Amino acid sequence: MSKQVRATKMEKIRKFFGYIFISFFIIYFLKTGIGNYLLGKVGICKNAFLTNEVNHFRSHPDALVYNFWINGKVYDGNSNVEDLSKAGDSICVVYLEWMPSINRPLSFFDEPINCNCK
């Protein structure tokens, strides 16, 4: 194989992985934005329990993680509760029925959401 053919193949491979990389980030940010919008519109409320597990996220203060169960499967998220002595308490979370892995604590939303869990 000549050097020119090899260089052309390498360039195609780099472009391919570049497109994959860019596509991943576009899909991730769209999923997050659309997920947050859908949570506010069609999300379902459920009680979740704060665990002893602590979420460390860059320069943000440590916060407790919450767990909730749907059909025997555990889902979790960052509660934004910084008081570590609150472990074991319950909070209200909002999740998407068709994708419970997309969930947020009720305190995440700026506008009030009609929830019946307390």
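The values are calculated or read from the model by the stated rules, or taken from the named source; none is laboratory data. The structure displayed is predicted, hence computed values, not measured ones. Virtual Cβ from ideal backbone geometry, glycine too; neighbours counted across all protein chains shown. All accessible areas refer to the heavy atoms of the entire protein, side chains included, with ligands and DNA or RNA removed. Shrake-Rupley method; radii C 1.70, N 1.55, O 1.52, S 1.80 Å.
Express the carbon and sulfur contribution to the solvent-accessible surface of the chain as a percent, rounded to the nearest whole number, probe 1.4 angstrom.
Within the chain, the accessible surface is 58 percent carbon and sulfur.
If you look for lysine pairs in the chain that are eight or more places apart or on different chains, how many of them have Cα atoms under 17 Å apart?
Details: Lys3/Lys12; Lys31/Lys41; Lys46/Lys73; Lys46/Lys118; Lys86/Lys118.
So the count of such lysine pairs works out to 5.
Once you have the Cα-Cα distance between Tyr37 and Ser101, take 0.36 nm times their residue separation minus that, and quote the gain in nm to one decimal.
21.6 nm
Quick one: accessible area per residue over the chain, 1.4 Å probe, rounded to a whole number of Å²? Let's see the in-between values first.
Working: 8930 Å² over 118 residues.
With all protein chains present, the chain gives 76 Å² per residue.
Return the FRET efficiency for the residue pair Asp62, Ser2: r is the Cβ-Cβ distance, R0 is 41 Å, and the value is rounded to the nearest 0.05.
According to the calculation, E is roughly 0.10.
Just checking my list [x] 21, 18, 13; [y] 24, 15, 13; [z] 40, 18, 13 against semi-axes √(5λ) of the Cα gyration tensor in Å computed from this structure; which label fits?
[z]
How high is the relative contact order of the chain, in percent, counting Cα pairs under 8 Å that sit 6 or more residues apart?
24
When the label point is put 7 Å from the Cα of Ala87 along its Cα-to-beta-carbon vector, which residues of the range 38-68 have a backbone N closer than 19 Å?
Only 48-57, 61-68 pass the distance filter.
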